[in-house]
Amino acid sequence: MTQDELKKQVAEAALKYLKNVPIIGMGTGSTVTHLINLLADCDFKRDIEGAVSSSIKTTEHLQKIGIPVLDLNQTGDLEVYVDGADEVTPHKKMLKGGGGALTREKIIGGASKKFVCIVDETKCVDVMGKFPLPVEVLPLARSYVARQLVKLGGQPILRENYITDNHCEILDVHNLSIIDPIALEKTINNIPGVVTNGLFALRGADVVLVGKGTEVITL
Ligand code: 5RP
């Protein structure tokens, strides 16, 4: 199977977590794109009252298939949030933000009772950090934050020609070996000017579905 076929397969396996859930939380990325396409044709779509979306891209896709997009301030906490990841550990800690939607993803994931992470097997790692860690920053703080990230041993590179949905910028931090993801998540988030970073360790996933070969494994 190709990586994209694995993504579609795992998205299909996530559908059952959305059944009988009136308001769903929806992530961002190519795996989630498959999930939304599958939702468009599934028999329980009409039971979904709405979704809270983690990005403008996801919002547009949900609206295109006729699912109303709701404001998290109005809905309160959600039952289920489904999203992809760039890396995930056996302890269900994740590194996310390759698609730049990390801040809204972290907020909605935090406001959800169950975080279902959907990945293909290439995303499974023992130690995170091979994928550059995205850090969303206020534009005026970019250089200051970059200097602090260098002190932490990373090599931050500005994501060129990219502005987040929150009108901020992203530093992709290379060469981090993330031995203690909870500590690093807190340390980076404490740097003034950081909106958030792509470590999802303090609040990891509750369920990880991995597309592997012809099957889907549940962690
Ligand atoms: C977006 C994300 C995505 O979940 C992550 O980049 C995985 O994307 P894909 O499903 O395309 O592999 O964190 O900000």
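Read-outs: derived from the displayed coordinates by stated rules, not from any lab. The shown structure was predicted, so the numbers you read here are calculated from the model rather than taken from an experiment. Positions of Cβ are backbone-derived with ideal geometry, glycine not excepted, and every protein chain shown enters the neighbour counts.
Let me have the relative contact order for the chain, percent, based on Cα pairs under 8 Å that are six or more residues apart.
Numbers: 473 pairs, mean separation 50.0, N = 219.
RCO, the chain: 23 percent.
In the chain, excluding the sites themselves, the longest stretch lacking any of the chymotrypsin sites (Phe, Trp or Tyr not before Pro) that are in a DSSP loop with at most 15 other Cβ atoms within 10 Å is 45-161.
If Lys and Arg each add +1 and Asp and Glu each add -1, what is the summed charge of the other residues whose beta carbon sits under 9 Å from the beta carbon of Thr103?
Net charge around Thr103: -1.
Across segment 5-87, C-alpha contacts under 8 Å between residues 6 or more apart give a mean separation that, scaled by the residue count, equals a relative contact order of 38 percent.
Between Thr122 and His91, full extension at 0.36 nm per residue minus the direct alpha carbon distance yields a gain of 9.5 nm.
Working note: Cα gyration tensor of segment 1-143, eigenvalues times five, square-rooted, sorted largest first, giving semi-axes of 24, 19, 13 Å. Summing Cβ point charges (Lys, Arg +1; Asp, Glu -1) relative to the Cα centre of the chain gives a dipole of roughly 400 debye. For segment 122-183, the spherically averaged projection of the C-alpha convex hull amounts to 5.0 nm².
Its relative contact order, with pairs defined as Cα atoms under 8 Å and 6+ residues apart, puts segment 56-135 at 36 percent.
Quick one: net charge around Ile182, please, counting Lys, Arg +1 and Asp, Glu -1 for every other residue with C-beta under 12 Å from its C-beta. Summing Lys/Arg as +1 and Asp/Glu as -1 gives +1. Summarised in one figure, the compactness ratio Rg/Rh of segment 172-217, Cα atoms and Kirkwood Rh, is 1.12. Of the peptides 183-189, 47-53, the order by per-residue mean of other Cβ atoms within 10 Å, starting with the highest, comes out as 47-53, 183-189.
Between amide H atoms placed 1.01 Å from N, distances below 5 Å from Ser54 occur with Met26, all of them 5 or more places distant or on a separate chain. For the chain, the mean residue ellipticity at 222 nm estimated from helices alone is -8500 deg cm²/dmol, where every DSSP H run of n ≥ 4 contributes -39500 (n - 2.57) and the total is divided by all residues, rounded to the nearest 500. Among the listed pairs Lys64/Lys186; Lys45/Lys93; Lys45/Lys186; Lys8/Lys96, a Cα-Cα separation exceeding 28 Å is found for Lys64/Lys186; Lys45/Lys93; Lys45/Lys186. Given a 10 angstrom Cα cut-off, can you work out which residue in Val32, Val173, Val125 is the most mobile in a GNM of the chain? Result for the chain, Cα springs under 10 Å: Val125 fluctuates most.
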